[in-house]
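Notes for the one structure printed next.
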Amino acid sequence: MNSTCVQEVISPCCLVRRSINTVVQLLKRVLAHKNMDMATVNALPYEDFVNLLGNVVEKCPIITAAVWSGRPFLNFAALEAAISEFIDALPESGKEGVLRCHPDLAGRDLRGGTLTRESREEQTGAGMDALTSAEASRVTRLNEEYKERFGFPFIICARLSDKATVLRQLSERRRNERAVERARAVEEVKKICRLRLQALVRDDAQNKL
């Protein structure tokens, strides 16, 4: 290996460039595969399947990886059902692990810009980035009370909610029994998953409506 190659390998700038190039290539693949039909989904190699669909359940690419072997999927509903069935088959501790992968609403990740792209779009769409000072303080307090009671963060399908709905649900649902709230949170995860899938995969049944 000559000196130029050695410098390239150890150069932090080179490593950053390579990381950026990797992200750019992945984004290009995501954009190229938006609105995929089911034939395209079924033809995806394992790595592309996981890279493209790996965040339909927040920060749980292992779920996408697990359902890949179930191909070919007959249609959008079959793919969605495979993911839901995987979640439903988890023990309660596993379900709570999935829930804990979700960020707080209007929390430090939103403020710090460290949310996943999907979560950022969902939270900003529901107005979580436009809370008043009083609202932000209330959400922070309620989030902490909720997590202290249940051991996982409050989850709601933000794309189907507005700021008032989020605040009302956060206040009301913290009074639920643990098993009831865990089940409700899992159903919200499935709603989020469905909408994220629809952003990537064509739902032919929906198109016929």
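Every read-out reported here was derived from the displayed coordinates using simple, explicitly stated rules and does not represent laboratory data. All figures in this text were calculated on a predicted structure; none of them were measured in a lab. Glycine gets a Cβ as well: all are built from the backbone with ideal geometry, and neighbour counts include every protein chain shown.
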Fewest-first ranking of LEU79, LEU142, using other Cβ atoms within 10 Å as the exposure measure: LEU142, LEU79
Extension gain, ASN176 back to ALA199 (0.36 nm per residue minus Cα-Cα distance, nm): 5.1 nm
Cα gyration tensor category, rounded, prolate or oblate, for the stretch 56-157 with a/c compared to 1.5: prolate
Amide proton proximity set for ASP203, modelled H, under 5 Å, gap of 5+: none
Computed label-point distance, nm, for sites GLU148 and ALA39 using a 7 Å Cα→Cβ extension: 5.7 nm
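Rounded if a/c is under 1.5, else prolate if a/b beats b/c, else oblate: with a ≥ b ≥ c from the C-alpha gyration tensor eigenvalues square-rooted, which is the stretch 122-207?
Working: a/c = 2.86, a/b = 1.43, b/c = 2.00.
In terms of gyration-tensor shape, oblate.
If the viscosity is 1.306 mPa s and the temperature 10 °C, what translational diffusion coefficient in µm²/s does Stokes-Einstein give for the stretch 33-207 when Rh comes from Kirkwood over Cα pairs?
94 µm²/s
How would you rank CYS193, CYS101, going from fewest to most other Cβ atoms within 10 Å of each one's own Cβ?
Sorted ascending by nearby Cβ count, the order is CYS101, CYS193.
Only loop residues by DSSP count here, and only those with at most 15 other Cβ atoms within 10 Å; note down the GluC sites (Glu not before Pro) in the stretch 129-190 that meet that.
Values: sites: GLU135, GLU144, GLU145, GLU148, GLU172, GLU177, GLU181, GLU187, GLU188; in loops: GLU177.
Passing both the DSSP loop test and the Cβ count: GLU177.
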Shape of the stretch 110-149, Cα gyration tensor, a/c cut at 1.5: oblate
